[in-house]
1. For region 86-103, what are the residues that are surrounded by fewer than 17 Cβ atoms within 10 Å (Cβ to Cβ) and not in a strand (DSSP E or B)?
2. For region 15-48, which residues satisfy the criterion of being surrounded by 13 or more Cβ atoms within 10 Å (Cβ to Cβ) and in a loop (DSSP other than H, G, I, E, B)?
3. If only one of 178, 143 is in a strand (DSSP E or B), closer than 29 Å to residue 20 by Cβ and touching a residue at least 12 places away in the same chain (Cβ under 8 Å), which one is it?
4. Can you name the residue in region 104-127 that is outside any helix (DSSP H, G or I) and modelled with pLDDT of 85 or more and is also farthest from residue 166 (Cα to Cα) among such residues?
5. How about region 68-85: which of its residues are surrounded by fewer than 19 Cβ atoms within 10 Å (Cβ to Cβ) and at pLDDT 95 or above?
6. Working only within region 105-129, note down all residues that are more than 23 Å from residue 59 (Cβ to Cβ) and under 15 Å from the mean Cα position of the chain (by Cα).
7. Among the residues of region 55-67, which ones are crowded, with 17+ Cβ neighbours inside 10 Å and either assigned to a loop (DSSP other than H, G, I, E, B) or in contact with a helix residue (DSSP H, G or I) (Cβ under 6 Å, 6 or more places away or on another chain) (or both)?
């Protein structure tokens, strides 16, 4: 099942305290290009990248996947990850830091590409394009052209909304090949 189809089936208000979430399998969101090898994870609207985490990775195409958690019929994103297209199944590495979100939306992209392509002259258009994309889809991977160059970003809501989340490197042997961020831990229970 595609992520947007999964989330469209979310019904009703958030359940009462005591309901334990059930995490599903990884779902493919799409591909993004990481042309400079600086994979950034963080608040989708933090244009300067201060609240995010950067993992140096090989350049290339990256699979983006999410896992979701079901609280009865109500569904939320529990994790997001991106890993190099040449890797079948990465392993979870060490914690690289914490990332924050103040807008409830999370992004993954190449920070160097953002700074080179979505410079000051294109930032207003970037904000408009991302708002348009997030209104059309719940989660997704989009590519936009700015000044004749392409910039890719993946986006998703983060768990229950704003907060601080652990970012971990994804590994293949000793090499960093991606990043994973967990919004809701397995067995998460709804509190007041």
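1. Within region 86-103, 86, 88, 89, 102, 103 qualify.
2. Once the filter is applied, which keeps residues that are surrounded by 13 or more Cβ atoms within 10 Å (Cβ to Cβ) and in a loop (DSSP other than H, G, I, E, B), region 15-48 yields 15, 19, 21, 24, 26, 35, 36, 37, 44, 45, 46, 47.
3. Just one listed residue meets the conditions, 178.
4. The residue in question is 110.
5. Listed by number, the list holds a single entry, 85.
6. 105
7. 57, 58, 66
Matching residues to (1) without any contact (Cβ under 8 Å) to a residue 60 or more places away in the chain; (2) under 27 Å from residue 9 (Cβ atoms):
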{"site": "125", "(1), (2)": "yes, no"}
{"site": "137", "(1), (2)": "no, yes"}
{"site": "152", "(1), (2)": "no, no"}
{"site": "159", "(1), (2)": "no, yes"}
{"site": "164", "(1), (2)": "no, no"}
{"site": "169", "(1), (2)": "no, no"}
{"site": "173", "(1), (2)": "yes, no"}
{"site": "184", "(1), (2)": "no, yes"}
{"site": "191", "(1), (2)": "no, yes"}
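The values are calculated or read from the model by the stated rules, or taken from the named source; none is laboratory data. Keep in mind that this is a model prediction, so the values were computed, not measured. Every residue, glycine among them, receives a Cβ derived from its backbone with ideal geometry; neighbour counts consider all protein chains shown.
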